[in-house]
Amino acid sequence: MDVDVIVVGAGPVGLMLAGELALAGVRPLVLEKYPRRREVAKAGGLGGRILELLDHRGLLDRCEAACTGPIPAPRFPFGGVHVDLSRWDDTPMHALPLPQARLERLLEERAGELGVEVRRGHEVIAVRQDDTSVTVDVRGPDGDRRLVARYLAGCDGARSRVREQAGVAFPGVTYQEVNRLAQVALPETVVIRDDGGIEVPGADVIRAGFTQTETGLFGLGPADDSRIVSLFTTEDETTEYDDDTAMTVTEVRDSVRRVLGVDLPLGEATRLSRFTFHARHADRYRAGRVVLAGDAAHLFPATGVAINAGMLDAVGLAWRLAAEIHGHAPAGLLDTYDDERRLANARTLLHTRAQVALRRGRDAAADALRELFQELLQDEPASRRVGALLAGADVRYPVPDADRHECAGTFVSDRVLPTGEGRSRVAASMRAARPVLVDLADRGDLREAASAWRDRVDVVTARTGERVADAVLIRPDSYVAWAAPVGEPAERAVPALRGALTTWFGDPGDAV
Ligand SMILES: Cc1cc2nc3c(=O)[nH]c(=O)nc-3n(C[C@H](O)[C@H](O)[C@H](O)COP(=O)(O)OP(=O)(O)OC[C@H]3O[C@@H](n4cnc5c(N)ncnc54)[C@H](O)[C@@H]3O)c2cc1C
């Protein structure tokens, strides 16, 4: 065996997975076909639940320091309308202006600090597996070689060779349209109005927001102090562009002319990207010893959600894979990765497909649907719900015994807890990506029960009067595996805790 885990692909998902595996005590090998990191304009920002998880790992400060500007107000496009979450104090979704290339650099640096080797210029050509190992043929700068691993993670993007070699189907559709997104300065000849619309000499006013025409969709976002606006177009088009063929300002201007019939003068661009939407979902995330994550497993037909989903896959996969490698994974643990992330990603597919239906309609009925939807999004519950969907935060994982406590299967958001030594943040307890039992009610019985797992489960003791549970067992991905209802007697709580510890973290070790 050359290595325990091979991760194919050094995109955001592969790099996140590699870092998480290293935290869990597994040294993965990352194989990446491109010899150098590419600066292709892909995602312009990072948002959703993954930001909370990065905070738990102590990485959010680094991400914020790498941003290209201040954190924008939480307003997001949703299928041709907008959801404005800036009205709520605790917005369910926000995003950082952290371009994908910077995110990848940061994740690679972090993986390097944890001892991960990223082998660039190494393309995986073929994959075979048997009951005990996976063999990959790799083409590298020094020729072809064969590597053997216990597990292989395909984080190799939309056209995943790993997925294809593992025989996993990728059903769905590709929309015959091209989307263009530009952040570009408007010259002084264009008047920017107080209502966000713009006046172009010799043309009608172009209003802010989305405009549907016979030839496509046009979107105009608000201007900043430097007269930079966001422009968006969608046109029916079957051209297959290569990610490496950079878009130009002229291409945007031509597209605006085709969609709006207006020759919009444009200055310098700070961001230019072009993309096609697909709605596809791998029919399984695991085929024996091969697992899939990120774009290799799912493609969503809307912006702003894919990296969040993919990096959350990586976090959900890493601790389970590590448990398999360390030999204490309970039977079926790796399959729960598929159960949970498929459920979460199906929700993302649901709302992004709904966005396609909202966005693509070009008749009066579709206009009416958008207007009505926009109206509904003024209501707090509706906008919060859509915000949670965008953040990938509306899912409760189907953990066993979920009906014992409402927290079971939910994500643990950060909060400050009073402890014996002062105060501690929940987030700080999750830094090492180990399971944690948080005792909130000085429950010696539960701490004693968990001590048999102390080689792999940490215990934090806090005291708080305002608690929803006496104790919470948190998995490394920050989801609650189990919780003890307030005041639950030892004869019920202790066996239940032992059961949950065994279900998620295997039989107890010799650590008693
Ligand atoms: C123009 C554009 C704009 C986007 N905007 C957003 C956005 O705003 N928000 C958002 O969340 N997402 C956005 N996305 C989507 C986002 O870029 C992807 O979801 C993300 O890159 C997926 O990450 P990944 O790690 O799964 O795959 P990738 O980033 O595709 O990484 C896969 C890696 O695997 C490598 N690889 C492939 N095959 C092999 C092989 N056989 N051997 C070795 N290495 C291999 C590739 O070279 C690549 O480095 C955008 C995409 C595009 C194209």
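Of the GluC sites (Glu not before Pro) found in segment 23-55, those that fall in a DSSP loop while having at most 14 other beta-carbon atoms within 10 Å are E39.
Contact order, relative form, for segment 360-512: 21 percent (alpha carbon pairs under 8 Å, 6 or more residues apart, mean separation divided by residue count). For a paramagnetic label modelled on D84 (point 7 Å from Cα along Cα→Cβ), amide N atoms under 15 Å away belong, within segment 180-216, to 194-197, 208-210.
Nearest 10 degrees is fine. How inclined is helix 490-505 to the longest principal axis of the chain, computing both from alpha carbons? Approximately 60 degrees, to the nearest 10. Straightening the chain between R105 and R146 buys 12.0 nm, computed as 0.36 nm per residue apart minus the Cα-Cα spacing.
Among the chymotrypsin sites (Phe, Trp or Tyr not before Pro) found in segment 456-512, not one is both in a DSSP coil and sparsely packed, with 13 or fewer other Cβ atoms within 10 Å of its Cβ. Among the trypsin sites (Lys or Arg not before Pro) in segment 384-484, those located in a DSSP loop and surrounded by at most 12 other Cβ atoms within 10 Å of their own Cβ are R415.
Run the numbers on the chain and let me know its relative contact order in percent, using alpha-carbon pairs under 8 Å that are six or more apart.
17
With bins 10 Å wide beginning at 0, the percent of Cα pairs of the chain falling in each bin runs 4, 18, 27, 24, 16, 8, 2, 0, 0.
Want the number for D283 to D414: 0.36 nm per residue separation, take away the alpha-carbon distance, what's left? Don't skip to the answer; put the middle values down first.
Working: separation 131, 0.36 × 131 = 47.16 nm, distance 3.38 nm.
Between D283 and D414, full extension yields 43.8 nm more.
The Cα center of segment 253-319 and the Cα center of segment 35-114 differ in position by 14 Å. The angle separating the long axis of helix 364-376 from the principal Cα axis of greatest extent in the chain is about 50 degrees. Is the C-alpha gyration tensor of segment 402-505 telling us rounded, prolate or oblate? Criteria: a/c under 1.5 is rounded; beyond that, a/b larger than b/c is prolate, otherwise oblate. Rounded, since a/c falls under 1.5. Rounded to the nearest 500, the helix-only mean residue ellipticity at 222 nm of the chain stands at -9500 deg cm²/dmol, with each DSSP H run of n ≥ 4 adding -39,500 (n - 2.57).
Which FRET efficiency value, to the nearest 0.05, do you get for T464 and T68 by plugging their Cβ-Cβ distance into 1/(1 + (r/R0)^6) with R0 = 41 Å?
Values: r = 39 Å, r/R0 = 0.95.
The formula returns an efficiency of 0.55 here.
With respect to the chain, whose longest principal axis is taken over its alpha-carbon atoms, helix 249-260 is tilted by about 70°. According to the Kirkwood relation over distinct C-alpha pairs, the hydrodynamic radius of segment 176-276 is 13.7 Å. Rounded to the nearest 0.05, the FRET efficiency derived from the C-beta distance between A158 and A382 at R0 = 22 Å is 0.10. Taking a Cβ cut-off of under 12 Å around A297, the surrounding Lys, Arg, Asp and Glu residues balance to a net charge of +1, with basic ones at +1 and acidic ones at -1. Backbone geometry of segment 461-473 corresponds, through the Karplus equation with coefficients 6.51, -1.76 and 1.60 at θ = phi - 60°, to 3J(HN,Hα) couplings of 10, 10, 10, 8, x, 8, 10, 9, 8, 7, 7, 10, 9 Hz, x marking Gly and Pro.
Rule-based calculations on the coordinates, nothing more; no lab input. Since the model is a prediction, treat every value here as computed from it, not as a measurement. When we count neighbours, we look across all protein chains shown, and the Cβ atoms used for this are built from the backbone with ideal geometry, even at glycine.
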